[in-house]
Amino acid sequence: MSGNAHDETREKIALGTSLSGEQQALVRAHLYECEECRKYAEATSSVIRTLRSMPIAADARLVRATQMRVRFHASRLRETRERMWLVGMACLGVGLSATLTVPFLWRLFAWMGERAGVSAPIWQTGFMFFFIAPALLVGLLLLARGSDFVNNRERSR
């Protein structure tokens with residue numbers, strides 16, 4: 001057997017139970033033939049059994065601090081999920097209102113363009129600005145609020 005096969009088998013032994021059935025069969029076959037790797041596997045399993053048998057006690061302060069952090073992150077995840085639900089509902093509302101109002105606004109702009117004697121490209125540009133400007137304004141406000149939120153969060157650390 002080549003040294004590479006020994007190294008591969010030792011790596012697979014280190015992975016333990018996370019091996020596929022085929023990989024476990026290859027390891028067993030190699031261990032049947034190779035006494036050196038068989039001793040390595042026995043030593044590894046002995047170390048693992050010893051480590052698993054050792055009781056591990058955490059300090060009460062560590063447990064409290066960990067619980068506090070987990071609760072904090074859970075509350076932040078809950079808040080984020082609620083916020084995303086509200087954003088989703090707002091997007092749905094905006095999409096529905098836009099779908100219902102765009103044809104009427106288009107006709108209104110066309111009518112106003114005819115009444116004012118304005119050419120079609122000009123009133124169409126006005127319509128596009130009227131239609132896109134609120135989204136741009138809200139986007140800029142949210143961007144400014146988001147960067148302000150991030151800056152305040154960094155300062156509080």
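Unpaired cysteine residues in the chain (no second Cys Cβ under 4.7 Å): CYS91. Reducing segment 48-78 and segment 82-137 to their Cα centroids gives an inter-centroid distance of 53 Å. To the nearest 0.05, what FRET efficiency results for GLU8 and GLU82 with a Förster distance of 41 Å applied to their C-beta separation? Efficiency, from the Cβ-Cβ distance: 0.25. The mean sequence separation of alpha-carbon pairs under 8 Å and at least six residues apart, normalised by the residue count of the chain, gives a relative contact order of 11 percent.
Scaled against the 2.2 N^0.38 Å expected of a compact globular protein of N residues, the Cα radius of gyration of the chain reads 2.21.
Charge tally around GLU42: other residues with Cβ under 13 Å, Lys/Arg +1 each, Asp/Glu -1 each, net +2. Between LEU62 and LEU96, the simple label model (points 7 Å from Cα in the Cβ direction) yields a spacing of 5.3 nm. Working from Cα positions, state the angle (0 to 90°, nearest 10) between the long axis of helix 21-33 and the longest principal axis of the chain. That works out to roughly 20 degrees. Helix 35-53 and the long axis of the chain differ in direction by around 70°, with both axes built from C-alpha atoms.
Per-residue ellipticity at 222 nm computed for the chain from its helices equals -31500 deg cm²/dmol, with DSSP H segments shorter than 4 residues left out and the rest contributing -39,500 (n - 2.57). Placing R0 at 41 angstrom, the Cβ-Cβ distance between ARG49 and VAL70 gives a FRET efficiency of 0.85 after rounding to 0.05.
Quick note: the coordinates plus some simple rules give every number you see, no bench work behind them. Treat the numbers as computed from the prediction; the structure is a model and nothing was measured. FYI the Cβ positions are ideal-geometry reconstructions off the backbone, even for glycines, and counts take in every protein chain you see.
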